[in-house]
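Input: a single structure, listed below in structure tokens.
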Amino acid sequence: MSSVRIECVASEGYRIGESPVWDEKEGELLYVDITGRKVCRWSPLTRQAQAIAVDAPVSSVALRKSGDYVITLGTRFAALKWNEGLVTTITQVDKDKANTRFNDGKVDPAGRYFAGTMAEEIRPAVLERHQGSLYTLFPDLSVVKHFDQVDISNGLDWSLDHRTFFYIDSLSYSVDAFDYDLQTGKIGNRRSIYKLEKEESIPDGMCIDTEGKLWVACYDGGRVIRLDPETGKRLQTVKLPVDKTTSCCFGGKDYSEMYVTSASDGMDKEWLSRQPQAGGIFKITGLGVKGIPPYPFAG
Ligand SMILES: O=C(O)[C@H](O)[C@@H](O)[C@H](O)[C@H](O)CO
Ligand SMILES: [Zn+2]
């Protein structure tokens, strides 16, 4: 059995840290602070984070094949040029909705950017229900809506054979699977593969490892859990020193480290004083399992 170690590598007290992505070219960890409205990049060499401020809640960041990044910003897909700090809108979604924003997003193995929306929260996990939708931004910059009636569109990833799409609508307390057609990017045959237990609280971000198992960050559960999507069984629980764990990804050398983001929004003074690392970025080593490189957006 390996010995798991957890270290807080950036304790900037982000409001809602989210969407960790390993940028292999830079050797740095990318992520966002949604309500803090910034895109960040943390260097393991300097142990410092750089940030680019943006003009709306920024909920996910992805690599781009042609260089730089794409982000989901408010209800927009946008391009981000890091060195220039320049953001340009690609396209907008939810044009018929007054009060939604994008939430989690990730690029599929064919270079399509999947991201879903949700109503703006009144406080964490309290919001007008069924306002969100799941979208794909294709490499030709066209957008398709897969479905609506989503509460909090959250974690997503694809199976190693690319035939299954995993998805979390947080308030369903379920991790779902769809059949996936990599040729077309179409999804179908939705089913639940895991229902969270009470102490696990709310399922948030997720990623897959090289053994095809899913890692799900549990918001208010203070943990990441490892699930077997074939059997629907939980295989492992790793507890973190903060309650609001939001998402996870693999990174570092050979993708052998796990990075976990967390949030501090919605915590009062007393809660924050008990968990001074709330809103920090955590590195977990010794899991004995690796991840896969993130796919870059092909547009
Ligand atoms: O991180 C996110 O995905 C959301 O933007 C957060 O606000 C929380 O997850 C949510 O409150 C709990 O479900
Ligand atoms: Zn999330």
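What the table below lists for this structure:
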quantity	calculated
The range 191-217, residues that are free of Cβ contacts under 8 Å to residues at least 40 places away in the same chain and exposed (fewer than 14 other Cβ atoms within 10 Å of the Cβ)	191, 192, 195, 197, 198, 199
Residue within the range 58-65 that is free of Cβ contacts under 8 Å to residues at least 40 places away in the same chain and either in contact with a Lys or Arg (Cβ under 9 Å, 6 or more places away or on another chain) or surrounded by fewer than 22 Cβ atoms within 10 Å (Cβ to Cβ) (or both) present	yes
Check on residue 177, within 16 Å of ligand 2 (Cβ to nearest atom) and either open to solvent by less than 40 Å² (accessible area, probe 1.4 Å) or modelled with pLDDT under 95 (or both)	no
Total residues in the range 117-146, condition within 11 Å of ligand 1 (Cβ to nearest atom) and either in a loop (DSSP other than H, G, I, E, B) or exposed (fewer than 15 other Cβ atoms within 10 Å of the Cβ) (or both)	8
Residue in the range 230-250 that is touching a helix residue (DSSP H, G or I) at 6+ places or on another chain (Cβ under 7 Å), hydrophobic (A, V, I, L, M, F, W, C) and buried (at least 23 other Cβ atoms within 10 Å of the Cβ) present	no
Selection within the range 24-37 - surrounded by 19 or more Cβ atoms within 10 Å (Cβ to Cβ) and more than 16 Å from ligand 2 (Cβ to nearest atom)	28, 29
Every residue from the range 152-201 that is farther than 23 Å from residue 62 by Cβ and touching a Leu at 6+ places or on another chain (Cβ under 6 Å)	173, 194
Residue match in the range 261-268 (condition: surrounded by fewer than 24 Cβ atoms within 10 Å (Cβ to Cβ), charged (D, E, K, R) and farther than 21 Å from residue 41 by Cβ)	yes
Residue 180, sole failed condition from (1) on the phi > 0 side of the Ramachandran plot; (2) more than 16 Å from ligand 1 (Cβ to nearest atom)	(1)
Test for residue 260: is it touching a residue at least 24 places away in the same chain (Cβ under 8 Å), under 19 Å from the mean Cα position of the chain (by Cα), within 14 Å of residue 166 (Cα to Cα) and within 13 Å of ligand 2 (Cβ to nearest atom)	no
Strands (runs of 3 or more DSSP E) fully within the range 212-299 counting 2 or more residues that are away from ligand 1 (no atom under 16 Å from the Cβ)	223-228, 233-239, 245-251, 257-262, 281-285
Residues satisfying the stated conditions in the range 108-164, i.e. of a type in the set (Phe, Trp, Tyr) and free of Cβ contacts under 8 Å to residues at least 40 places away in the same chain	147
Members of the range 147-164 found to be open to solvent by 50 Å² or more (accessible area, probe 1.4 Å) and either part of a strand (DSSP E or B) or of a type in the set (S, T, N, Q) (or both), listed by number	148, 149
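Residue-by-condition table, conditions (1) away from ligand 1 (no atom under 16 Å from the Cβ); (2) among the aromatic types (Phe, Trp, Tyr); (3) closer than 22 Å to residue 207 by Cβ:
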residue	(1), (2), (3)
40	no, no, yes
47	yes, no, no
74	no, no, no
91	yes, no, no
95	yes, no, no
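The values are calculated or read from the model by the stated rules, or taken from the named source; none is laboratory data. Note that this is a predicted model, so its numbers are computed, not measured. Here the Cβ is made from the backbone with ideal geometry for all residues, glycine too, and neighbour counts use every protein chain on show. Only protein heavy atoms, including side chains, enter the accessible area calculation; ligands, DNA and RNA are left aside. Shrake-Rupley method; radii C 1.70, N 1.55, O 1.52, S 1.80 Å.
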